[in-house]
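Since the structure comes first, as structure tokens, the remarks are kept for the end.
Since every read-out is calculated from the coordinates, none of them should be taken as a lab result. Because the structure is a prediction, the values reported are computed rather than measured. With ideal geometry, Cβ positions are generated from the backbone for all residues, glycine too; neighbour counts draw on all protein chains shown.
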Amino acid sequence: MAIKNDKWIEMMSKDHAMIKPFQSDQVRKGIISYGVSSYGYDIRVADEYKIFTNVNNSIVDPKNFDEKSFVNFKGDTCIIPPNSFALARSVEFFKIPRSVLTICVGKSTYARCGIIVNVTPFEPEWEGNVTLEISNTTPLPAKIYSNEGISQVLFFESDEDCMISYKDKSGKYQGQENITLPRIESQ
């Protein structure tokens, strides 16, 4: 498995619509950067958020998540309460090739402020907008800037296709276009 560079990312995005919309250079003046980087792609956070709140004294249960634990918000910036988190989605829509796996890590500008972005790997043949979990680990409110960079995606390509892709197993988060809450497949 080899990490892929900016030329490969641009070719795959243009020829196979791997990232849409695609920014072929890194946009950075006066904003938190996004677009192609040396060995990855910096994605942007959209202007829609689900901010966690515990006004209902719910239990966080991944098998039975209470949607009332979130406040929906749309705006140019989002304030995440101290020691809390928000869910958001990427501006970009991804179509991952069958021989590719990605890892997504937070950008250092946010990490240096105690803001951690968590995203699980994009499996081979997964497609959709990325649901982002943005944690504020500080005792102060934290500001997130919509339509600016939030995390970096690293692409790893195998020399052969996987036997069973995310699409083959009808993954439960396939094709998501909105912020998607945790869910369990019914039996």
**Prompt:** What residues from the range 15-59 fall in the zone where the backbone N is under 15 Å from a label point 7 Å along the Cα-to-C-beta line of Cys162?
**Reply:** none
**Request:** Give me the distance between the Cα centres of the range 2-70 and the range 144-185, rounded to whole Å.
**Result:** 10 Å
**Prompt:** Within the range 82-120, what residues put their amide N at less than 16 Å from the label point 7 Å along the Cα-to-Cβ vector of Thr138?
**Reply:** 82-86, 107-117
**Item:** Simple label model, 7 Å out from Cα along Cβ direction - Ser24 to Glu185, nm
**Value:** 4.0 nm
**Prompt:** By counting other Cβ atoms within 10 Å of each Cβ, how are Lys29, Lys7, Lys172 ranked from fewest to most?
**Reply:** Lys29, Lys7, Lys172
**Request:** Report the calculated FRET efficiency for Ser108 and Thr77 (r = Cβ-Cβ distance, R0 = 22 Å), to the nearest 0.05.
**Result:** 0.65
**Message:** Can you return the aspartates and glutamates within cross-link range of Lys172? Criterion is Cα-Cα under 15 Å, with same-chain partners fewer than 8 residues away left out.
**Reply:** Glu123, Glu125, Glu127, Glu185
**Message:** Please list, ordered by chain and number, the residues whose modelled amide H lies under 5 Å from the amide H of Asn129; skip anything fewer than 5 residues away on the same chain.
**Reply:** Phe94, Gln176, Glu177
**Prompt:** In degrees between 0 and 90, to the nearest 10, how far off the longest principal axis of the chain does helix 6-16 point, with axes built from Cα atoms?
**Reply:** 90 degrees
**Request:** Rank these for me by crowding, Ile32, Ile144, going from fewest to most other beta carbons within 10 Å.
**Result:** Ile32, Ile144
